[in-house]
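Reviewing the structure listed below.
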Amino acid sequence: MATVEERPSPAPIGILLQERDQPITSTGVHKGPHVWANELSKHGLTEVTPSTVPLTSLPIFQPRELKTREEAFEVSYKRAQILNKHYGLTIDDIVNLTPKFFDMHRDDIIIRDIGSHALLSIQHNLVAGTLAPFAKESPQVQELLDQVLAFKVSAGFMLTEIGHGLDAKNLETEVRLQSDGNFILHTPRPDASKFVPPSMPVAGLPRIAVVMAKLMVEGEDFGLRPVIVALGDGKQMSPYAITSFDNVALPRAAVLGSLERPASMRDNFFHQISRIAPGTLAMSMIMIPALKIVTYITGKYSLRRTVGVANKERIPIICFRTQQMPILHALAQLAVMAPFANKCIEWFKDTSFKPQVREGFAVILKAVFIQMAQRSIPEMVERCGAQGLFQHNQICDADNMIRACAISEGDALVVSIRLAVELCLGKYEMPAAKTDCLLAKYQAGLAEEAWDIVSSIPAEHHSQEFNRLFIPRCRPIVQGIGHRMMYETALEAGVDPDLLALYEAGAVKENLDWYTEKGILTRSQFRAMENKALDALEPRLDELLDQLNMEPYVTAPITKKSLFDEFVEGLPKFTGSAEFPLF
């Protein structure tokens, strides 16, 4: 292992990042292997358009069979560059969380390439958002920030380690202050290696990272600091996904922020990772396009697919109530998700709320969005049969995206536990219910039960009894708050009453045992409630699917006969005259 003395003098950050073979044009597009970013101008899309629909016609966004994983990565980076230019996010968009920032995180084009969206979100929210507060005081950081915004470099955010995920506050990577004022970045053991995002060479893009590390001053831990590291020139760099640092020399400008010991290590930790909170809100919104596309594909497939005897009258499978239910419930959920997302953005940016309350809105949205998507999407996958499992039908990609979202920018379960615990301990309050609807009754009932449990436990909140009796109830508590808020927001927004009625029925259905136990609803009363809402919407199903405006983003062959015929025609054909004796 190299010692500090054996390392060369650190180069300034700007020089490190400019040592690349591929020159950069004034438009921020790399020459040579990065010509795909010019696709916009080739197709007459020289201005940023309000919709990404025109991008779906570009060759780079068409479905393709890729031979290797490396080819798939390269395509994702090329798409990310095009989307980056299309949106043209500025530092104002990122710092002030403008509508454009959130629109990027719920654009329907996400479903065309989940990977490219992840790259953009990390690049802008986590990396640019972390660098921004330091750019005014440092020309070097400002220069780097400009390169990140223009996607001249691919930027990663390295917080979690192999041995520290949910307990990231205990991370072990160190950045040590040297006597000459510079630093050494070091990974003390294999379990302290940074785990995700990937850092392999792709598309010739230079790669940097904001690495979260403990600042060590004369052997004393001074808390977390963001550290800027140049990982490579796009041709040679660290291994994929697992990155360690062996006494890497860094200049003073690479370590962002004060070198003073913070008054509170806990407060410092949350301050340094403050971009996680808007990321929780923004990344959760990708569940809207994910649920939209699965609903649209399943619905259109169900209208087209028929059953019955050949050459006789056949009926579409959508005629069966079991086929209608998951699709209509998903349409009802989508109807309330959009206004709730807008309201949560408004609340999150409202500084009259305490910071914990603002973060609470993001957690609540994530909890209920994931609950609905994780329930609805698998049901619709089943309703598509074997067709739902093929990647070319886009459904399994959306399903995978939901799973990734559940653990991105704060594990949904863990952040729900934290919120519920702090609410029950009275540290702050979320806005009270405005109505006495069924969902408000459920929320109030859970709150009463939770308070009874907390009051009955004499030990402090970290006790085993608290863990055993209260912690498992935390996620339902947060979901209960969220469903009530969603219903009230949709009511105020004037959502279609039939869709709102079915959404309410679906939320009640999740916890029907509580309503029957309390004598609020019998099972037969609930079935009548749900069927009434389903009956009102069933004749409008095709119309409601069209109102999702998803057709330009859908490539799934099962949605149309013409698409399916074209898909079959393009499949490899195997012919021959081989014979094999069966008997």
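Please verify whether region 473-486 includes one or more residues that are loosely packed, with under 14 Cβ neighbours inside 10 Å, among the basic types (Lys, Arg) and at pLDDT below 95. Checking region 473-486: not a single residue is loosely packed, with under 14 Cβ neighbours inside 10 Å, among the basic types (Lys, Arg) and at pLDDT below 95. Of everything in region 365-396 that's surrounded by 19 or more Cβ atoms within 10 Å (Cβ to Cβ) and of a type in the set (D, E, K, R), which residue is nearest to the chain's Cα centre (by Cα)? Per the stated criteria, the residue is Lys366. Within region 395-412, not a single residue is under 30 Å from Leu521 (Cα atoms) and not small (Gly, Ala, Ser). Does Gly410 fit the bill of being modelled with pLDDT of 85 or more and either outside the structural domain of Asp167 (by TED's automatic domain parsing) or among the β-branched types (Val, Ile, Thr) (or both)? Here the answer is no, as Gly410 does not meet what is asked.
Does Asn311 satisfy the condition of being closer than 26 Å to Met104 by Cβ and surrounded by fewer than 18 Cβ atoms within 10 Å (Cβ to Cβ)? No: the conditions fail for Asn311. Can you tell me which residue within region 117-139, out of those that are part of a helix (DSSP H, G or I) and among the polar types (S, T, N, Q), is surrounded by the most Cβ atoms within 10 Å (Cβ to Cβ)? So the residue we want is Asn125. Being among the β-branched types (Val, Ile, Thr), assigned by TED's automatic domain parsing to the domain that holds Tyr296 and more than 24 Å from the chain's Cα centre (by Cα) is the requirement here; does Thr516 meet it? Answer is yes for this residue.
Criterion applied to Asp452, Asp436 was being in a helix (DSSP H, G or I) and not hydroxyl-bearing (Ser, Thr, Tyr), and the one residue passing it is Asp452. Being touching a residue at least 40 places away in the same chain (Cβ under 8 Å) and either more than 30 Å from Glu551 (Cα to Cα) or of a type in the set (S, T, N, Q) (or both) is a property that Glu359 has. Just one of the numbered conditions (1) closer than 17 Å to His329 by Cα; (2) outside any helix (DSSP H, G or I); (3) among the aliphatic types (A, V, I, L, M) is not true of Ile520: (1).
The single condition among (1) in a helix (DSSP H, G or I); (2) of a type outside the set (Phe, Trp, Tyr); (3) surrounded by fewer than 22 Cβ atoms within 10 Å (Cβ to Cβ); (4) over 18 Å from the mean Cα position of the chain (by Cα) that Gln81 does not meet is (3).
Taking first residues from region 438-459 that are in the same structural domain as Met529 (by TED's automatic domain parsing) and partners that are surrounded by fewer than 15 Cβ atoms within 10 Å (Cβ to Cβ) and modelled with pLDDT under 90, the Cβ contacts under 6 Å between residues at least 6 apart in sequence or on separate chains come to Ile457/Glu465.
Count, please, the residues in region 463-491 that happen to be without any contact (Cβ under 8 Å) to a residue 40 or more places away in the chain and charged (D, E, K, R). Matching residues across region 463-491 total 2. Scanning region 140-171 for residues that are farther than 21 Å from Ser408 by Cα and outside any helix (DSSP H, G or I) turns up Ala150, Phe151, Lys152, Val153.
Of the helices (runs of 4 or more DSSP H) entirely within region 210-306, those holding at least 2 residues that are in contact with a strand residue (DSSP E or B) (Cβ under 9 Å, 6 or more places away or on another chain) and in the same structural domain as Val336 (by TED's automatic domain parsing) occupy 287-304.
The values are calculated or read from the model by the stated rules, or taken from the named source; none is laboratory data. Remember, it's a predicted structure, so these values are computed and weren't measured experimentally. When we count neighbours, we look across all protein chains shown, and the Cβ atoms used for this are built from the backbone with ideal geometry, even at glycine.
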